[in-house]
Amino acid sequence: MAFAPMGPEASFFEVLDRHRASLLAALNRGGQEPPEQGTHVASRFEDSVGLQMVSHCTTRKIRSDSPKSVKKFALILKILSMIYKLVQSNTYATKRDIYYTDSQLFGNQTIVDNIIDDISCMLKVPRRSLHILSTSKGLIAGNLRYVEEDGTRVSCACGASAIAVPSNVQGIRNLITDAKFLLIVEKDATFQRLLDDNFCNHMSPCIMVTGKGTPDLNTRLLVKKLWDLFHIPVFTLVDADPHGIEIMCIYKYGSLSMSFEAHNLTVPAARWLGLLPSDIKRLNIPKESLIPLTKQDQMKLDSILKRPYVTCQPFWRKEMEMMADTKVKAEIQALASLSSDYLSRVYLPNKLKFGGWI
């Protein structure tokens, strides 16, 4: 059953439809970016997948007869035995569940998280294949319905509150949407403001997702699943600062810590919708709404500029170099200095209608 259209007229989405057509054409060419984005392949990066683990990577040996690693070796065996029981019984547990089976033995949650990631990497299987789930922190709203693994029917239609991203994304089925685009929102506060402004219904049909900052695994899996199933344009709305750019890169290209699972987590077709550093000058955002870059910001920005995927994103590089030159950053909330609903009423509709993404 399709959703009834509630948003703008079909002509509003002409540029979006053309963008989607170019993405589909790129997929038919073998998954590469559209020609205008350029191509680049490096030892740890492939533009159609993202960051990947290389075959000649450095390995670590953890031995049972070494005083330095005997405890780590024992903890790995302990968690492996728990994984075996989960798989045998076809049951699931969260990382938190595993930690609390013997919190004194493990010491802290981070130790458990790192060991599970090591096991997943060592066996070259996704974490969910180990029957270990992460607790979701992300939210989703908009033109989407699906059935959860236990048969529960879920509608994400916009209202006062959003739906939590499911803990077992792989288990959801019968996904239905007519969405023209998917908007990834960096921060929960911005996401909630867009809900309050009824953005999803005004821009219907669309889907909004937030990972509440750095995204958890389930939020990334859901974004990837929606892209693989529907191939709708994916846009990111982040702060015009190095941290926001970093978060956008995680969705688009992945992270080194999860590079062994890049195929299941990254959406290289994602585009940077805003907030762009060039928007700060173009919209004449007041100086009092801008924030000077800290030393840590500058170091993060320098680090991102050196990454291999930036070489195939000349427009991204130009925006980041502009930030480095002006030495200022801006949060999405800075748009409120123009008017309280400028983001939902003017900024995003214009960006979407006229192709203001890079």
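Per-structure values
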{"item": "ASP197 long-range amide H proximity, modeled H, under 5 Å", "result": "none"}
{"item": "Surface share of carbon and sulfur [accessible, 1.4 angstrom probe, percent] for the chain", "result": "53"}
{"item": "Segments 85-96, 174-185 sorted - mean Cβ within 10 Å per residue, highest first", "result": "174-185, 85-96"}
{"item": "Contact order normalised by residue count of the stretch 69-133, Cα under 8 Å, 6+ apart, percent", "result": "43"}
{"item": "For the stretch 178-354: relative contact order, % (alpha-carbon pairs under 8 angstrom, 6 or more apart)", "result": "22"}
{"item": "Given (i) 81, 48, 47; (ii) 64, 50, 43; (iii) 74, 39, 35, the label whose value is Cα extents along the principal axes in Å derived from this model", "result": "(ii)"}
{"item": "Residue-averaged [θ]222 nm for the chain, counting only DSSP H segments that reach four residues, each worth -39500 (n - 2.57)", "result": "-11500 deg cm²/dmol"}
{"item": "Three-way shape call for the stretch 178-354 based on the alpha-carbon gyration tensor, with the a/c threshold at 1.5", "result": "oblate"}
{"item": "Nonlocal amide H pairs with THR94, under 5 Å, H built at 1.01 Å", "result": "LEU133"}
{"item": "Rg/Rh for the stretch 69-133, where both radii come from Cα atoms and Rh is the Kirkwood radius", "result": "0.93"}
{"item": "Euclidean distance between Cα centres, the stretch 194-251 to the stretch 271-288, Å", "result": "19"}
{"item": "Under-5 Å amide H pairs with LYS329, H placed in peptide plane, nonlocal only", "result": "ILE291, LEU293"}
{"item": "Accessible area expressed per residue, the stretch 69-133, with surrounding protein chains retained (probe 1.4 Å, Å²)", "result": "55"}
{"item": "Above-threshold pairs, the threshold being 32 Å between Cα atoms, out of LYS300/LYS351; LYS187/LYS225; LYS68/LYS224", "result": "LYS68/LYS224"}
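The values are calculated or read from the model by the stated rules, or taken from the named source; none is laboratory data. Everything quoted here is computed from the prediction, not taken from an experiment. Because the Cβ atoms are built from the backbone with ideal geometry, glycine has one as well, and the counts that use them run over all protein chains shown. What goes into the accessible areas is simple: the full protein's heavy atoms, side chains included, and nothing from ligands, DNA or RNA. Shrake-Rupley method; radii C 1.70, N 1.55, O 1.52, S 1.80 Å.
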